[in-house]
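Here's the structure, in structure tokens; my notes come after.
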Amino acid sequence: MKHSTFSFMWLLVVILSVCGGPATVWAQDGTPGAIDTGDTAWILVSSAFVLCMTLPGLALFYGGLVRSKNVLGTLMHTAIILCLISIVWVLLGYTLAFGTDVGGVIGSLEFLFSLGVGQDAYPGTGIPHLAFMVFQLMFAAITVALITGSFAERMKFTALLLFAVLWSVLIYSPLAHWVWGGGWLAEMGALDFAGGAVVHISSGFAALVCALMLGQRKGYGVESMVPHNLPMTVLGTGLLWFGWFGFNAGSALGANGGAASAFVATHIAACAGGFSWMGAEWLRTGKPTVLGLASGIIAGLATITPGAGFVSPLAALLIGLVAGVVCYAAVVLKIRLGYDDSLDVVAIHGVGGFTGILATGIFASVGAQGLLYGNPGQFVIQFVLAVSTLVFVVVGTFVILKVVDLVVGLRVSSEEEEIGLDLSQHSERAYS
């Protein structure tokens, strides 16, 4: 009889789980925390979406844009960063970002080595703490991977590894804490729904410092450096677009109206960004290009990221249209200034993220009010968020690159660069 009762109870738990009903787990302090299975499922799926953005999405997007002798090295950058930063995040990065606030600047070490991160609900949500941690892990990984587009085809692999670890711990984790972990910008009321500052401004302006400190590629401005495989880049664009729904809509931390709002805003901005970049390029050069369309789509996605859950579909459309034109103008300016940001990380992510943060302060109307809705103070806060992020990232990245250069050197030799990273760094060829 006892055995039958026990079996029936387990059967009831399984049925409730499958049907999406709430389950209850016990927190470590002995108090019950309600886990919403629908929200949990959405966050786990969203985490997988963001993983898809990094590998294969970003890897293919970047891989198609470089020359054939560097495609494996470029794919390797993204893949190894995903592995490396995942380990760093579980051991140290997560607790620095989301541990109990210490002076508004950094998180405590309470979650060092992920101790105390379990199946109990993360505060204020219906998802397990582990699910929240792994969702944030994917953001940490792709942010560092985005930077690699600025120094593609010329950084040492050993330098990449050291830079990735130092930048993630010393730049990304503190910044994530300031904005999302209860730090000083969060206390100020800064709005960054899914990473306009934490991900895009940070990676974009770190990319600028990297491009300037490593210098131009050998033959830049003289030799042809056109993308070797645009179909690969378009495939990467599609995977990034797909994954971005998890990136933005997942940041609602639940299967709810906020997720639906962010989902729609994400798609509309991507479409508008692709259309406006293509249009601007068409007017300037006389021809629309596939690369321009793909770049505009990513620009729209990056620019809507901070406001995805705060703006209406119409506002998302306007933000996307502005994003395509502004980011394309930044690419044209790069050409005139002569710095070698190999894959336009600064223009798309840095300029796009900065624009998106300010646009959020203007158009926010869902859950928060911006300038157009009678709250000019929010725009001021967004400006502080954008500028403080930029300054912190530029100074910190400069110092980190100096340290890396002293320890292992930043750049491959002239001969290795001529051969290509595939052979010189990895003894492999992408194509026979």
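Readers should treat all values here as calculations from the given coordinates under stated rules, not as data from a laboratory. In this text the structure is predicted, and so the values were computed from the model without any measurement. Don't worry about glycine lacking a Cβ; one is built from the backbone with ideal geometry, like all the others, and counts go over all protein chains shown.
Grab the beta carbon distance between LEU161 and ALA34, set R0 = 56 Å, and tell me the FRET efficiency rounded to 0.05.
0.85
Helix-only mean residue ellipticity at 222 nm, the chain, DSSP H runs n ≥ 4 weighted -39,500 (n - 2.57), per residue, nearest 500. What is it?
When only DSSP H runs of four or more count, the value is -20000 deg cm²/dmol.
What shape does segment 273-324 have by the C-alpha gyration tensor, where a ≥ b ≥ c are the square roots of the eigenvalues, rounded means a/c under 1.5, and otherwise prolate means a/b greater than b/c and oblate the rest?
prolate
Among ALA141, ALA329, ALA386, which one shows the biggest mean-square fluctuation in a GNM of the chain, springs joining Cα atoms closer than 10 Å?
Among ALA141, ALA329, ALA386, the largest mean-square fluctuation in the Gaussian network model of the chain belongs to ALA329.
Can you work out the FRET efficiency for the pair SER414 and LEU91, with r the C-beta to C-beta distance and R0 = 30 Å, to the nearest 0.05?
Once the sixth-power term is evaluated, E becomes 0.20.
Using the Cα gyration tensor of segment 267-415, with a ≥ b ≥ c the square roots of its eigenvalues, what is the shape: rounded (a/c below 1.5), prolate (a/b larger than b/c) or oblate (neither)?
On the way: a/c = 2.69, a/b = 1.28, b/c = 2.11.
Verdict is oblate for segment 267-415.
Between PHE242 and ILE335, what is the label-point separation in nm under the 7 Å Cα-to-beta-carbon projection?
3.2
What list do you get for GLU415, GLU110 if you sort them by fewest beta carbons within 10 Å?
So the residues, fewest neighbours to most, are GLU415, GLU110.
Roughly speaking, what is the stretch gain from ARG284 to VAL387, that is 0.36 nm per residue apart minus the C-alpha to C-alpha distance, in nm to one decimal? It would help to have the intermediate numbers written out before the result.
Numbers: separation 103, 0.36 × 103 = 37.08 nm, distance 3.07 nm.
Between ARG284 and VAL387, full extension yields 34.0 nm more.
Determine the principal axes of the Cα atoms in the chain, then give the extent along each, sorted from largest to smallest and rounded to whole angstroms.
Extents along the principal axes: 82, 51, 43 Å.
Assuming a ≥ b ≥ c are the square roots of the Cα gyration tensor eigenvalues, decide whether segment 163-248 counts as rounded (a/c under 1.5), prolate (otherwise, with a/b larger than b/c) or oblate.
oblate
For LYS156, go through the lysines and keep the ones whose alpha-carbon is under 18 Å away, minus same-chain ones fewer than eight residues off.
LYS156 reaches LYS69, LYS218, LYS402.
Mind giving me the nanometre distance, one decimal, between the label points for SER68 and PHE398, set 7 Å out from Cα along Cα→Cβ?
Each label point is offset 7 Å from its Cα along the Cβ direction, giving 4.1 nm.
Please give me the summed charge of the neighbours of ASP405: other residues whose Cβ is under 11 Å from its Cβ, Lys and Arg +1, Asp and Glu -1.
So the environment of ASP405 carries a net charge of +3.
Can you give the extra length, in nm with one decimal, that the chain gains between SER427 and PHE113 once fully stretched, where that is 0.36 nm per residue apart less the Cα-Cα distance?
109.6 nm
Please find, in a Gaussian network model of the chain (springs between Cα atoms separated by less than 10 Å), the residue of GLY73, GLY189, GLY254 whose mean-square fluctuation is greatest.
For the chain, modelled as a Gaussian network with Cα springs under 10 Å, the answer is GLY189.
Please give the residues of segment 49-86, grouped as numeric ranges, whose backbone N is less than 14 Å from a label point set 7 Å along the Cα-to-Cβ vector of VAL222.
Label zone hits: none.
Averaging sequence separations of C-alpha pairs under 8 Å and six or more residues apart, then dividing by the length of segment 275-431, give the relative contact order as a whole percent.
18
Given a cut-off of under 8 Å on Cα pairs at least six residues apart, what relative contact order in percent is computed for the chain?
Values: 893 pairs, mean separation 90.7, N = 432.
Relative contact order comes out at 21 percent.
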